[in-house]
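Written below as structure tokens is the structure these notes are about.
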Amino acid sequence: MSSLEQMYQQVIMDHARARHGAGLVDLDLAAVGESHQVNTTCGDEVTLRVGLEGDTVASVHWEGQGCSISQASVSALTELVEGHSIRESDELYEAFRALMGNRGEDLGDDRDDMLGDAGAFVGVGKYPARIKCALIGWMALRDAIAQAQASGAEGEQHD
């Protein structure tokens, strides 16, 4: 294993142990969404709650169980998207999906830098069965944001 692969493995293990955003909390925001995702292949589960302030992902909290890849991936995404715009979160999602589809190769562009710690999952793309593990939190994020946007729009109509 190369020193770069060892470093990536350490980043994943660090996120699996010290999980950023772990623990669901009640959010006092007008636009809140929650998504529960299950990877039926291996049993990974993630429930992710997001709160929006306007066009900003103000808060991300989650709980889950499963392999270190699934848990570390949702930890890394929490660190990346919290405090950023929905558009930036979508760009991060697309970059991470591209990384998973790149069969273990870096993206070789600005998206590598954009992904921060999530770039450590590059090797997961070599193992198709593990890609779903890495993506489960990202799928929950997209769904939760859509639900939060819908709940915020409903709240505006009832005011």
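The values are calculated or read from the model by the stated rules, or taken from the named source; none is laboratory data. Because the structure is a prediction, the values reported are computed rather than measured. Please note that ligands, DNA and RNA were not included when accessible areas were found on the heavy atoms of the full protein model with its side chains. Shrake-Rupley method; radii C 1.70, N 1.55, O 1.52, S 1.80 Å.
Per residue, the chain exposes an accessible area of 51 Å² to a 1.4 Å probe, with every protein chain left in place. Taking D106, D55, D26 as the candidate residues, the one with maximal mean-square fluctuation in a Gaussian network model of the chain, Cα springs under 10 Å, is D26. Close amide H partners of E53, meaning residues 5 or more places away or on another chain with modelled amide H under 5 Å apart, are A58. Per residue, the average separation of C-alpha pairs within less than 8 Å and at least 6 apart gives segment 1-116 a relative contact order of 23 percent. Taking Kirkwood radius over Cα pairs in Å as calculated from this structure, the corresponding entry among (1) 17.0; (2) 15.7; (3) 16.1 is (2). So what is the calculated 222 nm ellipticity per residue for the chain, using -39500 (n - 2.57) for each DSSP H run with n of 4 or more, over all residues, to the nearest 500 deg cm²/dmol? About -16500 deg cm²/dmol.
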